[in-house]
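This report refers to the structure that appears directly beneath it.
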Amino acid sequence: MTVRNNTHDAGLAAHKHKSGHGSRRDYMIGFLLSVVLTAIPFWLVMSGVLSAAPTAVLVTLLAVIQVLVHTVYFLHVDTRSESGWTLVALIFTAIIVLIVISGSLWIMYHLHGNMMPPALPPTAAPPM
Amino acid sequence: MSVALDEKASTPTFYVIEDEHHDHSDEGPTMLGFWIYLMSDALIFATLFATYGVLFTAYAGGPTPRELFELPLVALNTAFLLISSITYGMGMMAMRDGDQAKVQMWLVLTFLFGLAFISVELYEFSHMIAEGATPQRSAFLSAFFTLVGTHGLHVTFGLIWIAVMLAQVGMHGLIPDNQRRLMCLGMFWHLLDVVWIGVFTFVYLLGVIQ
């Protein structure tokens, strides 16, 4: 127990200012990137320069990039903080989040399609 | 416990273990534990986003996102929350420098921007409800108010936490315990900003263009 703690402490001391704190430069880079990554999607949607489908793809892509920017520059998640366990917890959670969201949408979309066919003509309805 | 009693009172073993953590109280197991709590919070938001994703076209003849959402207002709110994230970050830098007055100043600024965010959100909600777009109107609106309202509730509790930390820092200064608490609050506050990216993208922006 003592040995493990000492190793842990030595590892923390080596990058004490890096983990959990970041630097002013990190925060400013993160902030400037976030401003750009927020302004572009709002401009895309409000000006309507592109049609709906490409706008949706671009807006989603920019959101994913901005989440990564916040994770690195504001939350300081990297392979070194807490010996990498924050990163492991984040990756695990991201996988569960993807399964929950995409799984729900997939199942409910198909359920909806099977239960309530859109614009079915009355004559095409199966006899009671 | 019985072992500790047998030894001389001057060297109880459990004090040694405690002391190890006092040297670097901004590290230790609390940060990882709080991070794992935040990840469980992210799972709550995942279920709410999934619910919204399933129900977001179930208008029941009621108002649609295009009719309801005012993007300039959302852009303003996004700016408030983003600025509150950077002011909190500057507060953390002041904490590292040991400058208590600056920490308090940045905390007050973060609080004010967070309060502005909540105020605009409550204005938006009251406006929608006054127009008849209540949570009872359609499944879309139920999912909308649950998701966005839960985020707003988190921000509200963050504001209470900031107020508590202002009192704590005012009374006890930047003691190691307060530094640890401020770092946890920082993670909480930044994660709310991350969740808001999902909200303004998938609820507001994609809602208006669909």
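Values as computed for the structure displayed
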quantity	calculated
Subset tally (residues that are in a helix (DSSP H, G or I), among the aliphatic types (A, V, I, L, M) and touching a residue at least 12 places away in the same chain (Cβ under 8 Å)) for region A:30-87	12
Criterion: closer than 30 Å to A:Ile99 by Cα and either aromatic (Phe, Trp, Tyr) or in contact with a strand residue (DSSP E or B) (Cβ under 8 Å, 6 or more places away or on another chain) (or both) - qualifying residue of B:Tyr88, B:Tyr123, B:Tyr59	B:Tyr59
Filtered residue count, region B:150-200, keeping only those that are under 16 Å from the mean Cα position of the chain (by Cα) and of a type in the set (Gly, Ala, Ser)	5
Tabulated pairs, region B:75-91, first within 17 Å of B:Val120 (Cβ to Cβ), second of a type in the set (Asp, Glu), C-beta under 9 angstrom, 6+ apart or interchain	B:Asn77/B:Glu121; B:Asn77/B:Glu124; B:Leu81/B:Asp193; B:Leu82/B:Asp193; B:Ser84/B:Asp193; B:Ser85/B:Asp193
Total residues in region B:92-108, condition part of a helix (DSSP H, G or I), within 14 Å of chain A (Cβ to nearest Cβ) and not β-branched (Val, Ile, Thr)	7
Residue list for region B:113-147, filter: within 19 Å of the chain's Cα centre (by Cα) and not aromatic (Phe, Trp, Tyr)	B:Gly114, B:Leu115, B:Ala116, B:Ile118, B:Ser119, B:Val120, B:Glu121, B:Leu122, B:Thr146, B:Leu147
Selection within region A:72-89 - facing another protein chain (nearest Cβ under 7 Å) and either closer than 20 Å to A:Gly30 by Cβ or among the basic types (Lys, Arg) (or both)	A:Phe74, A:Leu75, A:Glu82, A:Thr86
Condition check for B:Leu68: more than 11 Å from every other protein chain (Cβ to nearest Cβ) and over 22 Å from B:Phe188 (Cα atoms)	yes
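Only the coordinates and a few stated rules stand behind these numbers; no lab work does. Quick caveat, the model's predicted, so the values are computed rather than measured. Cβ atoms come from the backbone with ideal geometry, glycine included; neighbour counts cover every protein chain shown.
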